[in-house]
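The block underneath contains the structure these notes are about, expressed in structure tokens.
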Amino acid sequence: MGPVVATEFTPWLSLLGGVLIGLSAVMVMGMFGKIAGIAGITKGLTSAVPGLATTGDRSWRLSFLLGLVVAPLAVLLATGSFPQQTVPTSLAGMALAGLLVGFGTAFGSGCTSGHGVCGLARLSPRSAAAVAVFVAAAVLTTTIVRHVL
Amino acid sequence: MRNIIGFAAGLIFGLGLIVSGMANPAKVLNFLDILGPWDPSLAFVMGGASVTAFIGYRLVWRRGTPVMGTQFDLPASGTIDAPLLTGAAIFGVGWGLGGFCPGPAWASLAIGSTGILVFLPAMLIGIVLADFGKSSPLFAKKGA
């Protein structure tokens with residue numbers, strides 16, 4: 001999928017970023033009474049496709065996604081450069097990855113935020129099971145791609 | 001007002017993803033690659049986010065109702081069923097392949113790498129396919 005780049009262990013920044021994510025989830029629960037699951041929020045967008053059930057509360061979901069999209073632009077404005085990232089270069093691989101992530105999160109009713117952050121915070125055994133399965137599947141996939149293939 | 005709060009929450013979520021390193025697929029893949037250049041940072045993201053949400057949820061639930069809604073809309077199902085586990089496994093394979101889950105995908109769109117420009121539309125197609133799949137008789141539940 002592309003070259004392996006070593007990354008620096010950043011416990012404090014990661015913890016700080018995690019707290020921000022948690023605060024956003026609390027905002028969504030406190031204001032709208034909803035789970036801040038990005039897969040679920042994204043479904044609010046795709047529900048525009050004819051034949052699919054529409055989820056209510058379309059407006060705040062679209063605004064939330066817009067906020068997500070604007071975040072790196074805010075970083076650009078504040079620091080003068082985009083946040084650093086290294087994205088896998090295989091386009092066929094990224095197309096397959098996107099399909100699987102979209103299909104899997106919609107079929108399994110949640111992603112890293114919905115089942116991960118929000119589900120674990122609710123102490124939901126259903127979400128804990130989903131997290132265990134998707135982390136195990138992801139570890140296995142990365143290991144096979146990097147060390148076996 | 002709902003739009004402003006929604007936008008602010010999305011922006012804070014996105015900044016959290018970027019500050020934490022979760023919006024960098026290299027960092028995600030290195031977290032998943034326990035035999036390679038392992039980077040445990042993501043455990044701190046999940047830890048910080050879940051503990052903050054755990055405490056914050058209990059504080060806002062004391063109000064009884066959300067500020068801009070009539071009730072807290074929590075998932076009713078507690079069943080660990082086949083669609084949940086199948087979906088989670090499929091999602092995990094995609095996550096381990098590309099290093100993107102849905103949140104970081106949105107928060108990386110504006111950076112405009114070729115990878116994300118391919119990943120994000122594919123993800124939307126995947127969601128639509130799953131929705132059609134779920135309502136198709138192929139996956140209909142048989143018996144009790």
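The values are calculated or read from the model by the stated rules, or taken from the named source; none is laboratory data. Because the structure is predicted, anything quoted here is derived from the model rather than measured. Methodologically, a virtual Cβ is constructed for each residue, glycine included, from the backbone with ideal geometry; neighbour enumeration extends over all protein chains shown. Calculation scope for accessible area: heavy atoms of the full protein, side chains included, ligands and nucleic acids excluded. Shrake-Rupley method; radii C 1.70, N 1.55, O 1.52, S 1.80 Å.
Could you put B:ILE55, A:ILE41 in order of accessible surface area, largest first, with the 1.4 Å probe and the full protein assembly present?
Details: B:ILE55 95, A:ILE41 0 Å².
So the residues, ranked largest to smallest area, are B:ILE55, A:ILE41.
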(request) Between A:SER59 and B:LEU117, with labels modelled 7 Å along Cα→Cβ, what's the label distance in nm to one decimal, could you check? (result) 3.4 nm
(request) Would you mind giving the mean number of other chain beta-carbons within 10 Å of the Cβ of each residue in B:57-70, as a whole number? (result) 4
(request) Towards the positive end of the charge dipole of region A:11-148, with charges on Cβ (+1 Lys, Arg; -1 Asp, Glu), say which of A:GLN84, A:VAL28, A:VAL148 has the farthest Cα. (result) A:VAL28
(message) Restricting to Cα atoms and excluding each atom paired with itself, what does the Kirkwood estimate give for region B:2-135 in Å?
(response) 17.4 Å
(message) So if I take the centroid of the Cα atoms in region B:1-60 and the same for region A:71-146, what is the distance between those two points in Å?
(response) 10 Å
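With a 1.4 Å probe, how much accessible area is buried between chains A and B, both sides summed, in Å² to the nearest hundred?
9600 Å²
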(message) Can you compute the modelled spin-label distance between A:VAL148 and B:TRP61, with each label point 7 Å from Cα toward Cβ, in nm?
(response) 4.0 nm
(request) Could you provide, to the nearest whole Å², the per residue accessible area of the protein assembly as shown with probe 1.4 Å? (result) 42 Å²
(message) Ignoring ligands, DNA and RNA, please state the percent of accessible area on region B:1-126 from carbon and sulfur, probe 1.4 Å.
(response) 72 percent
(message) I'd like to compare B:76-85, B:123-132, A:15-24, B:98-107: which one has the highest average count of other Cβ atoms within 10 Å, and what's the full order after that?
(response) B:98-107, A:15-24, B:123-132, B:76-85
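May I ask you to list the trypsin sites (Lys or Arg not before Pro) in region B:43-144 that are in a DSSP loop and have at most 10 other Cβ atoms within 10 Å of their Cβ?
Details: sites: B:ARG58, B:ARG62, B:ARG63, B:LYS134, B:LYS141, B:LYS142; in loops: B:ARG62, B:ARG63, B:LYS141, B:LYS142.
Loop-located and lightly packed - B:ARG62, B:LYS141, B:LYS142.
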(message) Given the DSSP H assignment, sum -39500 (n - 2.57) over each helix run of at least 4 residues in chain B and divide by its residue total; what's the result at 222 nm in deg cm²/dmol, nearest 500?
(response) -21000 deg cm²/dmol
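Based on the alpha-carbon gyration tensor of region A:11-148 and its eigenvalue square roots a ≥ b ≥ c, which shape applies: rounded if a/c is under 1.5, prolate if not and a/b is larger than b/c, or oblate?
Here region A:11-148 falls in the rounded category.
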(message) Rg/Rh for region A:80-149 to two decimals, with Rh computed the Kirkwood way over all alpha-carbon pairs.
(response) 1.05
(request) Run the quick spin-label model on A:LEU91 and B:LYS134: label points 7 Å from Cα toward the beta carbon, then report their separation in nm to one decimal. (result) 3.2 nm
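How high is the relative contact order of chain A, in percent, with contacts defined as C-alpha pairs under 8 Å that are six or more residues apart?
Values: 91 pairs, mean separation 40.6, N = 149.
The normalised contact order for chain A reaches 27 percent.
Work out the P(r) tail for the protein assembly as shown: percent of alpha carbon pairs separated by more than 24 Å, whole number. Mind dumping the intermediate values first?
Numbers: 19746 of 42778 pairs.
Tail of the P(r) past 24 Å holds 46 percent of the pairs.
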(request) Take the solvent-accessible surface of the protein heavy atoms, probe 1.4 Å, and return the percent of it on region A:11-148 that carbon and sulfur atoms account for. (result) 74 percent
(request) Take the Cα radius of gyration of region B:47-118 and divide it by 2.2 N^0.38 Å, with N its residue count; two decimals is plenty. (result) 1.54
(message) Keeping all protein chains in the complex and leaving out DNA, RNA and ligands, what accessible area do you get for A:HIS147 with a 1.4 Å probe, in Å² to the nearest 10?
(response) 90 Å²
